[in-house]
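Here, each number is a calculation from the coordinates, and none is a lab measurement. Bear in mind the structure is a predicted one, so any value in this text is a computation, not a measurement. Every residue, glycine among them, receives a Cβ derived from its backbone with ideal geometry; neighbour counts consider all protein chains shown.
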């Protein structure tokens, strides 16, 4: 039992973890219905201004997050013994399926959860997208 507490209190061990190991990579839920896919990312403390969502030229959904700690006036009589607040960055690329209505993708932030909705084409709509090319 004491070994477990020693490991938990080993600050050097925890400081050597990378950002992903300390929970800087948001946890993500992905669900599907007949009409859409839904992504939910846990992003406590981030605001919509900290987020950038786009589709790149390779048909990837790109979710980027960046939060920078504001520098506060420091008290010259005080010095830091430990300081862990810092900038946080995250970038996730997700390949989009072919049946997504790219122009109708929506995103919202509520209670620390980013929800991205990816509407699907119906089978009928996909048939309408198919084209025949006339050979001249």
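Points worth noting:
- Placing pseudo-labels 7 Å out from each Cα toward the beta carbon at residue 40 and residue 107 gives an inter-label distance of 1.8 nm.
- Approximate spin-label separation residue 129-residue 78, in nm, with each point projected 7 Å along Cα-to-Cβ: 5.5 nm
- Estimated FRET transfer efficiency (residue 29, residue 55; beta-carbon r; R0 30 Å; 0.05): 0.90
- Alpha-carbon Debye profile of the range 31-136, log10 I(q)/I(0) at 0.12, 0.17, 0.21 Å⁻¹: -0.58, -0.89, -1.15
- Ranked list, fewest to most other Cβ atoms within 10 Å of each Cβ, for 118, 94: 94, 118
- Cα gyration tensor shape of the range 79-136, rounded if a/c is under 1.5, else prolate or oblate by comparing a/b with b/c: prolate
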